[in-house]
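Just so it is clear, none of the values below were taken in a lab; they were calculated from the coordinates. Since the model is a prediction, treat every value here as computed from it, not as a measurement. With ideal geometry, Cβ positions are generated from the backbone for all residues, glycine too; neighbour counts draw on all protein chains shown.
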Amino acid sequence: MGLQALTYLVVGLTFALYIGIAIWARAGSTSEFYAAGGSVHPVLNGMATGADWMSAASFISMAGLIGLFGYGGTVFLMGWTGGYVLLAMLLAPYLRKFGKFTVPSFFSARYYSKGAGTVGVVCLLIASLTYIIGQMTGVGVAFSRFLGVSNATGIFIGMGIVFMYAVFGGMKGITYTQVAQYCVLILAYTVPAIFISLNLTGNPIPQLGLGSDMAGTDVALLSKLDQVVTDLGFAQYTTNFRGSMLNTFVYTLSLMIGTAGLPHVIMRFFTVPTVKDARSSAGWALVFIAILYTTAPAVAAMATMNLHATVNPGIVQDANFDVMAPGSQIVYDERPAWMKRWEVTGLLKFTDKNGDGRIQHYNDKSKDPKFAAAGWAGNELSVNKDIMVLANPEIALLPNWVIALVAAGGLAAALSTAAGLLLAISSAISHDLIKEKLMPDISEKGELMAGKISMACSICVAGYLGLNPPDFAAGTVAIAFGLAASSIFPALMMGIFSKTMNKEGAIAGMLAGIGVTMLYVFAHKGIFFIKGTEFLGLFGGKSSFFFGIEPNAFGAVGAVVNFAVAFAVKNMTTPVPENIAQMVEDVRIPKGSKAVDGAH
């Protein structure tokens with residue numbers, strides 16, 4: 001069976017599985033729609049949380065970024081993993097004890113103000129919709145290559161699939177679908193990694209292969225990779241920072257606290273029966289997440305090595321290989337089939353700048369005169385960062401069934417997170433806005449219908465934004481994490497650990513945090529990511545003008561502003577009522593499964 005037919009078969013079977021599970025586990029009440037009836041086993045919830053949390057950015061984009069930036073790309077690895085630990089240890093059990101399954105509901109009750117809940121809804125919608133752009137970008141990348149359709153068509157297909165199982169299944173359907181999606185995505189990520197590690201190093205365990213010698217040599221894989229990339233004008237792979245040390249630190253911190261403030265992951269801790277199960281589920285999720293995240297650095301390094309070996313045949317086998325020697329680069333007309341397939345998508349491009357018919361892939365910003373002396377006129381191969389994991393098995397010439405499995409895994413990662421985000425958006429609109437504020441007398445059936453309608457509308461908005469993304473998948477997701485970090489995380493932390501934080505301080509802090517972050521991001525990326533509306537000129541026209549910090553990393557700065565403003569305003573306004581302070585004290589004893597007194 002040909003690759004295209006096999007891909008259609010594998011992806012089609014996985015989609016049929018997802019929709020079948022959603023129909024089997026469809027939600028029949030608001031409790032099942034929002035929290036799966038609180039009846040999911042901790043191990044299954046851990047798998048679902050892993051799928052919910054490991055988005056297209058984790059599966060598709062993260063290894064590509066580590067491959068591109070080397071050590072500097074690990075900010076995503078450290079930030080996202082550290083953030084999950086932060087969420088599991090400091091937030092999840094306490095929020096589960098509080099008994100409110102949405103972040104805005106927690107804000108309304110803890111800060112004794114519907115206004116705080118409304119601001120929470122706005123912050124949640126801004127962060128979640130930005131996050132979905134990254135998922136839809138990943139869906140478009142995967143579909144455009146593996147199903148032979150355009151990026152736009154791929155996004156529309158993805159919208160239809162998510163609509164089928166998210167709108168009808170709710171949290172109950174999404175949970176069991178995500179268990180299946182986790183199994184698909186983790187197999188799709190680890191199986192090619194095992195093959196490639198075995199080919200390059202002779203070690204079938206990718207995590208160990210990363211630190212092993214190249215097969216048949218006494219040269220370590222990372223040492224060889226350092227030599228290859230520096231010969232081609234790139235920074236050393238194992239020591240390269242992402243910008244400055246400050247930018248690397250702030251980027252990591254932003255991703256970490258942004259992860260801990262993600263509403264769609266927080267909701268998962270209400271799908272288990274008790275607080276003890278919530279803690280257990282968090283531990284299992286960390287185990288399931290670690291399988292992919294410990295494999296990612298190996299995938300990144302090996303994919304980067306294989307890409308350079310494709311363009312410069314012999315670079316792996318020959319210890320004395322000279323990348324600058326005439327004729328050492330591959331002839332464009334003799335390029336492998338995988339390059340031709342990815343060229344069709346527009347995500348891999350070749351421009352013969354010196355007219356020699358060969359592919360020169362190097363850092364043309366390097367000031368090393370050897371490149372000009374060799375007649376190289378600029379980098380001729382443009383490789384989108386989001387294709388490295390998806391193209392990896394093709395580059396390594398693995399069997400077609402592995403390539404088809406990776407396609408299904410990439411789509412599972414993007415669709416599972418998109419579904420979780422859509423549910424968070426839906427619950428914020430139908431429960432926190434309509435039920436709690438606009439129509440308190442609405443029936444359960446009416447609220448359920450409102451939730452489904454708002455989810456369907458959110459899918460349409462997400463699809464549109466996915467057609468016009470502000471950045472590559474992980475970059476867009478980093479912006480979303482920054483928005484969550486600057487608004488939701490500080491309000492959650494102060495709500496749980498500060499008995500004195502009042503409603504005025506919390507509201508002012510959230511508005512200040514997300515406001516300053518959006519100002520910095522929009523200055524670089526355009527107002528609501530609309531190209532041509534950037535206003536860097538107001539700040540001297542220099543990119544990353546605030547101490548060299550990237551806009552994707554600015555959420556940590558926004559969080560500091562949030563905390564500072566909140567405590568300043570708190571000290572100038574009315575103290576917290578005694579019953580609220582006592583409720584906060586009760587929340588910090590996370591025992592049992594009942595909500596604390598005063599939470600309703």
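Between their Cα atoms, which of Lys385/Lys542; Lys97/Lys276; Lys100/Lys437; Lys353/Lys385; Lys503/Lys570; Lys100/Lys570 are more than 18 Å away from each other?
Lys385/Lys542; Lys353/Lys385; Lys100/Lys570
Taking R0 as 45 Å, what's the FRET efficiency between Met1 and Ala564 from their Cβ-Cβ distance, rounded to 0.05?
E between Met1 and Ala564, to the nearest 0.05, is 0.15.
Considering only DSSP states other than H, G, I, E and B, which trypsin sites (Lys or Arg not before Pro) in segment 301-367 qualify as loop sites with at most 16 other Cβ atoms within 10 Å?
For trypsin sites (Lys or Arg not before Pro) across segment 301-367 that sit outside H, G, I, E and B with at most 16 neighbouring Cβ atoms in 10 Å, the list reads Lys353, Lys365, Lys367.
Label Ala456 and Asn579 with points 7 Å out from Cα along Cα→Cβ: what is the distance between them in nm?
4.0
What trypsin sites (Lys or Arg not before Pro) in segment 520-551 are in a loop by DSSP, with at most 10 other Cβ atoms within 10 Å of the Cβ?
The qualifying sites are Lys531, Lys542.
How much length is gained on full extension from Thr500 to Lys370, taking 0.36 nm per residue of separation minus their Cα-Cα distance?
40.4 nm
From the backbone phi of segment 109-121, what are the Karplus-calculated ³J(HN,Hα) couplings (6.51 cos²θ - 1.76 cosθ + 1.60, θ = phi - 60°) in whole Hz, Gly and Pro given as x?
Residue by residue, segment 109-121 yields 6, 5, 9, 6, 7, 5, x, 5, x, 5, 4, x, 4 Hz.
Setting aside same-chain residues fewer than 8 positions from Lys499, which aspartates and glutamates have a Cα under 17 Å from its Cα?
Of all the aspartates and glutamates, those that pass the test against Lys499 - Cα under 17 Å, at least 8 places apart if same chain - are Glu578, Glu585, Asp586, Asp597.
Quick one: helix 444-467 against the long Cα principal axis of the chain, what's the angle to the nearest 10°, folded into 0 to 90?
30
Whole Å is fine, so just give me how far the alpha carbon centre of segment 297-348 lies from that of segment 386-444.
After rounding, the separation between the Cα centres reads 32 Å.
Calculate the spin-label point distance for Met78 paired with Asn363, positioning each point 7 Å from the Cα along the beta-carbon direction, and give it in nanometres.
Roughly 1.9 nm, to one decimal.
At what distance in angstrom do the alpha carbon centres of segment 49-109 and segment 220-274 lie from each other?
Each part reduced to its Cα centre gives a spacing of 12 Å.
When Rg and Dmax of the Cα atoms in Å is calculated directly from the model, which label among (i) 26.5, 87; (ii) 24.4, 79; (iii) 24.6, 75 fits?
(ii)
Work out, step by step, the length gained on full extension between Asn199 and Ala215: first 0.36 nm times the residue separation, then minus their alpha carbon distance; give nm to one decimal.
5.0 nm
Can you tell me the orientation of helix 151-162 relative to the chain, as the angle in degrees between its alpha-carbon axis and the longest Cα principal axis, to the nearest 10?
So the helix axis and the longest Cα principal axis differ by about 40 degrees.
Once you place label points 7 Å from the Cα toward the Cβ at Ile442 and Lys542, how far apart are they in nm?
Those two pseudo-labels are separated by 4.9 nm.
Can you return the lysines within cross-link range of Lys340? Criterion is Cα-Cα under 16 Å, with same-chain partners fewer than 8 residues away left out.
Lys349
Could you give each residue of segment 89-98 its phi-based ³J(HN,Hα) in whole Hz, using Karplus coefficients 6.51, -1.76, 1.60 with θ = phi - 60°, and x for Gly or Pro?
These are the phi-based 3J(HN,Hα) values: 8, 9, 10, 3, x, 6, 5, 5, 5, 5 Hz.
How much length is gained on full extension from Ser244 to Asp318, taking 0.36 nm per residue of separation minus their Cα-Cα distance?
23.1 nm
Using only helices, what value at 222 nm comes out for the chain when you add -39,500 (n - 2.57) per DSSP H run of length 4 or more and divide by the total residues, to the nearest 500 deg cm²/dmol?
Calculated mean residue ellipticity at 222 nm is -20000 deg cm²/dmol.
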